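All remarks here apply to the structure that follows.
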Amino acid sequence: MTHTLLSFGHGYSARALSPLLLAEGWRVIGTTRSPDKRPQLEAESIEPGLFPGDDLRPALEAADHLLISAGPDAAGDPVLAALGQEIAARAGQFAWVGYLSTTGVYGDHGGGWVDEDTPLAPSTRRGVWRQQAEAAWQAIPGLPLHIFRLAGIYGPGRGPFAKVRQGSARRIIKPGQVFSRIHVEDIAQVLRASIARPDPGAIYNLCDDDPAPPQDVIAYAAELLDVPIPEAVPFDSAEMTPMARSFYAESKRVRNDRIKRELGVTLKYPDYRSGLRALLDRDRGK
């Protein structure tokens with residue numbers, strides 16, 4: 001039997017999952033908001049759909065797996081707004097539904113540890129929207145929903161090296177600040193493991209084993225490149241966009257025991273050092 005994944009908001013994380021499924025003979029339909037991205041998806045053997053724009057009901061009817069990466073806004077979840085009734089009516093059709101959320105739903109814990117049972121207390125607007133979207137998806141009766149709360153994502157084309165090389169990277173220092181992060185290839189392997197072992201209602205944190213201050217990551221990237229470590233800038237005096245500053249509103253360490261225990265996942269990149277070394281090797285063609 002050929003499985004079909006319909007991926008809403010087929011972006012960075014979903015595109016890392018696609019090759020794993022395509023290699024097993026899956027059909028993958030991925031949506032984009034930009035018509036200009038259709039050729040790129042087609043080049044990756046993805047059947048492109050414009051969302052919003054195209055009539056996606058035929059794709060929805062063909063799918064036995066759903067992945068939702070499209071982010072919510074003040075108006076709510078865009079997929080549910082457009083196709084919520086159709087998805088609810090077909091809830092029993094799907095073997096697996098994955099929703100990519102964020103560890104931002106836990107809010108600020110002053111650098112303390114959180115796990116999937118930690119009460120949700122988002123402190124940012126985007127975190128509140130994600131909490132609301134999670135609840136809206138959970139409210140669909142009979143939907144085999146799996147929620148994945150992602151830490152900060154990095155990987156090919158998305159890492160600190162470009163800014164460090166350009167000399168534009170800064171080590172912004174906020175005492176006690178710590179983030180969790182996750183390599184995109186580990187996101188893909190966790191999603192694949194969950195698809196192979198569905199557990200409707202499950203919630204998973206996706207992060208590595210080594211929460212770290214952001215300035216340490218920048219410093220290590222500079223060391224790998226053998227360039228001077230960027231200057232330290234106090235958080236209070238740093239010039240930052242409102243979105244960048246909002247990331248520093250929360251500090252926490254995220255536990256990932258569940259993906260190991262329940263899905264049997266062994267992280268390819270258990271810390272930022274191994275992940276950054278692999279990215280640099282890739283950049284250098286090793």
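None of the figures in this text is laboratory data; all of them are computed from the coordinates on show. What you see is a predicted model; the values in this text were computed from it and never measured. Reconstructed Cβ throughout: ideal geometry from the backbone, glycine too, with neighbour counts over all protein chains shown.
Net charge in the neighbourhood of Ile87 (other residues with Cβ under 12 Å of its Cβ; Lys, Arg +1, Asp, Glu -1) is -1. Helix 125-138 and the longest principal axis of the C-alpha atoms of the chain enclose an angle of approximately 30°. Defining a contact as two alpha carbons under 8 Å apart and six or more residues distant in sequence, what relative contact order in percent does the chain show? Value for the chain: 19 percent. The value of relative contact order for the range 104-254, using C-alpha pairs under 8 Å at least six residues apart, is 36 percent. Cross-link reach is defined here as a Cα-Cα straight distance under 20 Å, omitting same-chain residues fewer than 8 places apart; for Lys174 the aspartates and glutamates meeting it are Asp108, Asp210, Asp216, Glu231, Asp236, Glu239, Glu250. Scanning residues 5 or more positions from Ile173 or on other chains, those with amide H under 5 Å from its amide H are Val233, Phe235, with H placed 1.01 Å from N in the peptide plane.
Segment Ala88..Leu225, full-extension length gain: 44.3 nm, with 0.36 nm per residue of separation and the alpha-carbon distance subtracted. Annotation for the range 201-286: GluC sites (Glu not before Pro) lying in DSSP loop with at most 13 further Cβ atoms inside 10 Å of their Cβ are Glu231, Glu239. The modelled label-to-label distance for the pair Arg282/Arg165, using points 7 Å beyond Cα in the direction of Cβ, is 1.4 nm. Give the label of the value calculated from the structure for semi-axes √(5λ) of the Cα gyration tensor in Å, choosing from (1) 32, 22, 18; (2) 31, 26, 19; (3) 39, 21, 15. From the options (1) 32, 22, 18; (2) 31, 26, 19; (3) 39, 21, 15, the structure gives (1). Using a Förster distance of 25 angstrom, determine the FRET efficiency expected from the C-beta separation of Glu42 and Met1, and round it to 0.05. So, using R0 = 25 Å, E works out to roughly 0.55. The simple spin-label model puts a point 7 Å past each Cα toward its Cβ; for Arg197 and Ser274 those points are separated by 1.8 nm. Does the range 44-100 come out rounded, prolate or oblate by the C-alpha gyration tensor, with a ≥ b ≥ c the root eigenvalues, rounded set by a/c under 1.5 and, if not, prolate when a/b is larger than b/c and oblate if not? Judged from the Cα gyration tensor, the range 44-100 comes out rounded (a/c under 1.5). Can you give the angle from 0 to 90° between the axis of helix 78-89 and the longest principal axis of the chain, with both taken from C-alpha atoms, to the nearest 10? Taking Cα atoms only, the helix is inclined about 40 degrees. For Ser101, nonlocal amide neighbours, meaning residues 5 or more places apart or on other chains whose placed amide H falls under 5 Å from its own, are Phe148, Arg149, Leu150. Taking the centroid of alpha carbons for each part, the range 30-53 and the range 140-169 are 20 Å apart. Computed from Cα atoms, the angle from the helix 12-22 axis to the main principal axis of the chain rounds to 50 degrees. Our summary gives the range 29-94 a relative contact order of 25 percent, counting only alpha carbon pairs under 8 angstrom and 6 or more residues apart.
Dimensions of the range 1-143 from C-alpha coordinates, computed as largest minus smallest value along each principal axis and given longest first, are 45, 30, 29 Å.
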